[in-house]
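The values are calculated or read from the model by the stated rules, or taken from the named source; none is laboratory data. This one's a predicted model, so the numbers in the text were calculated from it and none came from an experiment. When we count neighbours, we look across all protein chains shown, and the Cβ atoms used for this are built from the backbone with ideal geometry, even at glycine.
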Amino acid sequence: MTAHDADGEHVVDIRDLHITFATDGEPVHAVDGVSLHVNPGEVLAVVGESGSGKTVTAKSVLGLLPDNASVEGAVVLAGNDIVQLRAADLRRARGRDVAMVFQEPSTALNPVYTVGWQLAEGLRAHGEYSKKEARARAVEMLGKVGIPDPEKRVDHYPHQFSGGQKQRIVIAMALALDPKVIVADEPTTALDVTVQAEILDLLRAVRDEFGRAIILITHNMGVVADLADRVAVMYRGKVVEQAPARELFAAPQHEYTHQLLGAVPRLGVHTPDWEPGPSPAAAAAGPEPVVRARDLEIVYPGRLRQPDFRAVNKVSFDIAPGEVLGLVGESGSGKTTIGRAIAGLTRATGGSLQVLGHEMVGFKEKAFRPLRARVGFVFQDPATSFNPLLTIGEAVAEPLLIHGRAKDAAAARPRVDELLDAVHLPTHYAERYPHELSGGQRQRASLARGLALDPDLLVADEPTSALDVSVQAKVLEVFSELQERLGFATLFISHDLAVVGMLADRIAVLYRGDLVELGTDEQVLQAPQHPYTRKLLASVPVPDPVEQERRREALAALRG
């Protein structure tokens with residue numbers, strides 16, 4: 001029995017909360033009559049798509065809403081209504097009563113200060129620790145969250161830690177003053193599945209060993225199944241369903257909850273409407289591969305007397321015309337490096353890499369330039385890959401202008417409208433700027449831009465990693481439909497094995513620059529041969545609390 005099973009006072013009690021944002025146009029009603037509570041030692045997951053109000057609700061617990069927000073209702077924390085607290089009292093409550101773990105630790109940590117200084121700063125700001133005591137507490141907290149050699153690493157800077165370690169440091173900062181509740185806003189979204197599994201274990205320890213309550217904001221239903229005790233589903237500012245996690249996954253009541261769970265990609269479910277691409281044997285006898293890598297090596301030269309870094313080590317694979325090859329692996333495995341090398345954005349340094357019949361090892365830009373029109377690229381984050389000063393129509397038309405397919409934006413407009421229609425965006429969105437589109441709409445516009453020149457090969461680098469499951473499902477549906485209709489070959493790079501299993505004809509698994517497994521989704525996902533592939537699969541949380549508990553035990557055995 002966990003602490004939350006016992007009767008007791010709520011740590012957080014949100015009562016009939018209404019939050020409205022004043023804008024230049026109509027006011028935006030972000031939260032509409034939400035009532036939630038969190039018990040001691042309980043994980044409450046708040047789920048829903050972007051714009052459902054879940055993050056706004058969570059930030060109200062810390063009093064972190066902007067000045068244009070008007071709040072009605074009550075948010076009771078440790079006997080105080082956060083809505084009514086003065087600024088000085090609110091500052092005292094943050095850290096001591098409630099703390100936050102942010103989605104992106106790289107932006108939450110200051111790059112010019114050591115992590116020890118940043119941990120100590122929060123302790124000393126509350127006036128309870130001397131400089132020496134604060135440093136000792138920082139070392140203690142780094143050790144508790146699993147940072148190796150904390151006595152030395154306390155003096156390291158954020159850039160000297162991996163993504164997973166930075167997330168651990170942010171959790172250590174949240175725990176430092178023993179708050180009653182921790183708000184974790186998408187704490188694993190940017191992490192690989194293996195690192196994500198470690199962070200979920202740490203959050204579980206925060207609940208079970210430290211006895212803290214956690215409000216978990218996430219769109220990953222596998223994470224919810226792995227960690228949550230109760231689930232609240234939000235839709236358009238309202239809570240449409242609340243239930244214990246096992247009950248909600250077993251028998252969801254609201255139609256939106258059904259849709260949310262139905263949109264989750266599942267391991268081992270291959271659902272493309274097109275016929276699978278040719279087998280390697282058939283490809284050998286058929287047309288030339290679009291991409292052929294043989295003993296491919298990519299080495300980055302060391303600087304300041306540092307040794308060279310070998311990112312890709314003697315990797316061999318083919319991509320046949322019309323085939324979707326999924327490339328998976330954790331951060332640092334070399335998958336994005338291979339994608340960039342295929343597109344001519346990174347230099348291949350050894351072996352052979354032929355793209356559309358052109359050798360990329362030692363290639364000359366002038367010789368490859370005519371082939372660039374035949375290679376499309378879809379970036380991971382369309383918000384940063386789009387020029388914010390160009391409209392969506394101008395951005396989609398840009399490849400047409402660069403390659404001389406149209407003399408100006410007006411001449412390119414019919415093709416732009418055709419592309420937007422193909423990715424299921426209204427043609428009048430061509431007049432909008434990137435910030436005026438949602439994440440899923442921007443990603444669809446990015447796909448339209450990647451396909452503007454009718455490429456023979458598309459490189460898609462983590463195109464759905466930052467999207468909600470419902471939005472991700474729509475983007476994947478559009479991608480599948482276009483791939484079937486246009487027949488372009490694809491290198492689909494992702495750390496989400498369920499998504500790759502749905503789309504790919506074959507899957508390649510990279511580990512520290514080596515290709516450790518290559519085969520169909522049935523071979524790789526259902527009968528993996530390499531220990532790393534088995535660990536990768538066991539690390540993927542599935543949207544079923546009972547099954548996920550069994551998988552967690554299997555992963556612990558694999559780690560052992």
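What single numbered condition from (1) closer than 25 Å to VAL75 by Cα; (2) out of contact with any Asp or Glu (no Cβ under 7 Å at 6 or more places or on another chain); (3) not small (Gly, Ala, Ser) fails to hold for ARG246?
Of everything listed in (1) closer than 25 Å to VAL75 by Cα; (2) out of contact with any Asp or Glu (no Cβ under 7 Å at 6 or more places or on another chain); (3) not small (Gly, Ala, Ser), ARG246 misses just condition (1).
Go through the stretch 461-476 residue by residue and tally those that are among the charged types (D, E, K, R) and closer than 14 Å to ALA445 by Cα. If you could, list the steps in order and put the result at the bottom.
The first filter runs over the stretch 461-476 and keeps only residues among the charged types (D, E, K, R), leaving 461-462, 468, 474.
Add one more test, that the residue is closer than 14 Å to ALA445 by Cα, and what stays is 474.
Total satisfying the criteria: 1.
Does SER352 qualify as being small (Gly, Ala, Ser) and part of a loop (DSSP other than H, G, I, E, B)? Outline the logic, then answer.
Numbers: small (Gly, Ala, Ser): yes; part of a loop (DSSP other than H, G, I, E, B): no.
It is false that SER352 is small (Gly, Ala, Ser) and part of a loop (DSSP other than H, G, I, E, B).
Out of the residues in the stretch 205-234 that are among the acidic types (Asp, Glu) and under 20 Å from VAL542 (Cβ atoms), state the one that is modelled with the highest pLDDT.
Of the stretch 205-234, the ones among the acidic types (Asp, Glu) are 208-209, 226, 229.
Next, only the ones that are under 20 Å from VAL542 (Cβ atoms) stay: 226, 229.
Values: ASP226: 92, ASP229: 95.
In this case the residue turns out to be ASP229.
If you check every pair at least six apart or on different chains, which have Cβ atoms under 8 Å apart with a residue in the stretch 540-560 that is more than 13 Å from LEU200 (Cα to Cα) first and a residue that is part of a helix (DSSP H, G or I) and acidic (Asp, Glu) second?
PRO545/ASP226
Going by the conditions given, is VAL299 modelled with pLDDT under 95, closer than 26 Å to VAL195 by Cα and in contact with a His (Cβ under 8 Å, 6 or more places away or on another chain)? Before the answer, list the steps.
On the way: modelled with pLDDT under 95: yes; closer than 26 Å to VAL195 by Cα: yes; in contact with a His (Cβ under 8 Å, 6 or more places away or on another chain): no.
So VAL299 fails the test.
So VAL101 passes all but one of these: (1) under 30 Å from VAL139 (Cβ atoms); (2) out of contact with any helix residue (DSSP H, G or I) (no Cβ under 9 Å at 6 or more places or on another chain). Which condition number does it fail?
Answer for VAL101: the failing condition is (2).
Taking the conditions exactly as written (in a helix (DSSP H, G or I) and in contact (Cβ under 8 Å) with a residue 60 or more places away in the chain), does LYS132 satisfy them or not? Full working, then the answer.
On the way: in a helix (DSSP H, G or I): yes; in contact (Cβ under 8 Å) with a residue 60 or more places away in the chain: no.
No: the conditions fail for LYS132.
If only one of GLU418, GLU436 is surrounded by fewer than 18 Cβ atoms within 10 Å (Cβ to Cβ) and either at pLDDT 90 or above or in contact with a strand residue (DSSP E or B) (Cβ under 8 Å, 6 or more places away or on another chain) (or both), which one is it? Walk me through it before giving the result.
Details: GLU436 fails: either at pLDDT 90 or above or in contact with a strand residue (DSSP E or B) (Cβ under 8 Å, 6 or more places away or on another chain) (or both).
Unique residue meeting the criteria: GLU418.
Among the residues that make up the stretch 230-245, is at least one of them of a type outside the set (Phe, Trp, Tyr), surrounded by 24 or more Cβ atoms within 10 Å (Cβ to Cβ) and more than 29 Å from THR20 (Cβ to Cβ)?
no
Residues that are under 22 Å from the mean Cα position of the chain (by Cα): list the strands (runs of 3 or more DSSP E) wholly contained in the stretch 197-259 that include at least 2 such residues.
Correct list: 213-218, 230-235.
So that you can scan it fast, the table gives a plain yes or no per residue for (1) surrounded by fewer than 23 Cβ atoms within 10 Å (Cβ to Cβ); (2) out of contact with any Cys (no Cβ under 8 Å at 6 or more places or on another chain); (3) acidic (Asp, Glu):
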{"residue": "LEU457", "(1), (2), (3)": "yes, yes, no"}
{"residue": "GLU462", "(1), (2), (3)": "yes, yes, yes"}
{"residue": "ASP468", "(1), (2), (3)": "no, yes, yes"}
{"residue": "SER480", "(1), (2), (3)": "yes, yes, no"}
{"residue": "PHE492", "(1), (2), (3)": "no, yes, no"}
{"residue": "ALA498", "(1), (2), (3)": "yes, yes, no"}
{"residue": "ALA504", "(1), (2), (3)": "no, yes, no"}
{"residue": "ILE507", "(1), (2), (3)": "no, yes, no"}
{"residue": "TYR511", "(1), (2), (3)": "yes, yes, no"}
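Identify all residues within the stretch 135-166 that are within 26 Å of GLU186 (Cα to Cα) and either outside any helix (DSSP H, G or I) or of a type in the set (Phe, Trp, Tyr) (or both); write none if there are none.
VAL145, GLY146, ILE147, PRO148, VAL154, HIS156, TYR157, PHE161, SER162
Got a sec? Which of SER465, SER480, SER438 is under 15 Å from the mean Cα position of the chain (by Cα) and not aromatic (Phe, Trp, Tyr)? Before you say what the answer is, go through the steps one by one.
On the way: SER480 fails: under 15 Å from the mean Cα position of the chain (by Cα); SER438 fails: under 15 Å from the mean Cα position of the chain (by Cα).
Of SER465, SER480, SER438, the one residue that is under 15 Å from the mean Cα position of the chain (by Cα) and not aromatic (Phe, Trp, Tyr) is SER465.
Evaluate the stretch 92-114: report whether one residue or more is of a type in the set (D, E, K, R), out of contact with any strand residue (DSSP E or B) (no Cβ under 7 Å at 6 or more places or on another chain) and over 27 Å from THR189 (Cα atoms). Even if it seems obvious, please write down each step before you answer.
Residues of the stretch 92-114 that are of a type in the set (D, E, K, R), as a first pass: 92, 94, 96-97, 104.
Checking which are out of contact with any strand residue (DSSP E or B) (no Cβ under 7 Å at 6 or more places or on another chain) leaves us with 92, 94, 96, 104.
Applying the additional criterion that residues be over 27 Å from THR189 (Cα atoms) yields 92.
Yes; the residues of the stretch 92-114 include at least one that is of a type in the set (D, E, K, R), out of contact with any strand residue (DSSP E or B) (no Cβ under 7 Å at 6 or more places or on another chain) and over 27 Å from THR189 (Cα atoms).
Tell me, please, whether a residue that is over 22 Å from the mean Cα position of the chain (by Cα), closer than 25 Å to GLY440 by Cβ, in a helix (DSSP H, G or I) and without any contact (Cβ under 8 Å) to a residue 40 or more places away in the chain can be found in the stretch 520-533.
No: the stretch 520-533 contains no residue that is over 22 Å from the mean Cα position of the chain (by Cα), closer than 25 Å to GLY440 by Cβ, in a helix (DSSP H, G or I) and without any contact (Cβ under 8 Å) to a residue 40 or more places away in the chain.
Among residues belonging to the stretch 81-127 that are assigned to a helix (DSSP H, G or I) and hydroxyl-bearing (Ser, Thr, Tyr), point out the one that is surrounded by the most Cβ atoms within 10 Å (Cβ to Cβ).
As a first pass, look at the stretch 81-127 and keep what is assigned to a helix (DSSP H, G or I): 82-84, 87-96, 105-108, 115-125.
Narrowing the set further to residues that are hydroxyl-bearing (Ser, Thr, Tyr) leaves 106-107.
Values: SER106: 15, THR107: 9.
If we take residues in the stretch 81-127 being assigned to a helix (DSSP H, G or I) and hydroxyl-bearing (Ser, Thr, Tyr), then SER106 is surrounded by the most Cβ atoms within 10 Å (Cβ to Cβ).
Name the pairs whose Cβ atoms lie under 7 Å apart, with the first residue in the stretch 299-311 and within 18 Å of ILE338 (Cβ to Cβ), the second part of a loop (DSSP other than H, G, I, E, B) and polar (S, T, N, Q), and 6 or more positions between them or separate chains?
VAL299/THR349
Cβ-Cβ under 7 Å, sequence separation 6+ or interchain: first residue in the stretch 385-399 and without any contact (Cβ under 8 Å) to a residue 60 or more places away in the chain and more than 14 Å from THR427 (Cβ to Cβ), partner of a type outside the set (A, V, I, L, M) and in a helix (DSSP H, G or I). Which pairs?
Note: pairs meeting the criteria are PRO388/PRO434; PRO388/HIS435; ALA395/ARG449; PRO399/ARG449.
Could you say whether any residue in the stretch 249-269 is touching a His at 6+ places or on another chain (Cβ under 8 Å) and at pLDDT 90 or above? Give the derivation first.
Here is the first cut: in the stretch 249-269, the ones touching a His at 6+ places or on another chain (Cβ under 8 Å) are 252.
From what is left, the residues that are at pLDDT 90 or above are 252.
Yes: one or more hits.
Looking at this structure, is VAL75 β-branched (Val, Ile, Thr) and surrounded by fewer than 18 Cβ atoms within 10 Å (Cβ to Cβ)?
Working: β-branched (Val, Ile, Thr): yes; surrounded by fewer than 18 Cβ atoms within 10 Å (Cβ to Cβ): no.
For VAL75, the condition - β-branched (Val, Ile, Thr) and surrounded by fewer than 18 Cβ atoms within 10 Å (Cβ to Cβ) - is not met.
Taking the stretch 31-40, which residues are touching a His at 6+ places or on another chain (Cβ under 9 Å), in a strand (DSSP E or B) and buried (at least 16 other Cβ atoms within 10 Å of the Cβ)?
Here is the first cut: in the stretch 31-40, the residues touching a His at 6+ places or on another chain (Cβ under 9 Å) are 31-34, 37-40.
Okay, now just the ones that are also in a strand (DSSP E or B), so 31-34, 37-38.
Scanning the stretch 31-40 gives VAL31, ASP32, VAL34, HIS37, VAL38.
Does any residue of the stretch 335-352 turn out to be over 25 Å from the mean Cα position of the chain (by Cα) and among the polar types (S, T, N, Q)? Walk me through it before giving the result.
Filtering the stretch 335-352 down to residues over 25 Å from the mean Cα position of the chain (by Cα) leaves 344, 347-352.
With among the polar types (S, T, N, Q) added as a condition, the list becomes 349, 352.
For the stretch 335-352, residues over 25 Å from the mean Cα position of the chain (by Cα) and among the polar types (S, T, N, Q): present.
Here's the yes/no breakdown for (1) surrounded by fewer than 15 Cβ atoms within 10 Å (Cβ to Cβ); (2) of a type in the set (S, T, N, Q); (3) assigned by TED's automatic domain parsing to the domain that holds VAL233; (4) modelled with pLDDT under 90:
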| residue | (1), (2), (3), (4) |
| --- | --- |
| THR2 | yes, yes, no, yes |
| ASP7 | yes, no, no, yes |
| ILE14 | no, no, no, no |
| THR23 | yes, yes, no, yes |
| VAL47 | no, no, yes, no |
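Hey, any hits in the stretch 398-415 for a residue that's surrounded by fewer than 20 Cβ atoms within 10 Å (Cβ to Cβ), on the phi > 0 side of the Ramachandran plot and over 29 Å from the mean Cα position of the chain (by Cα)?
yes
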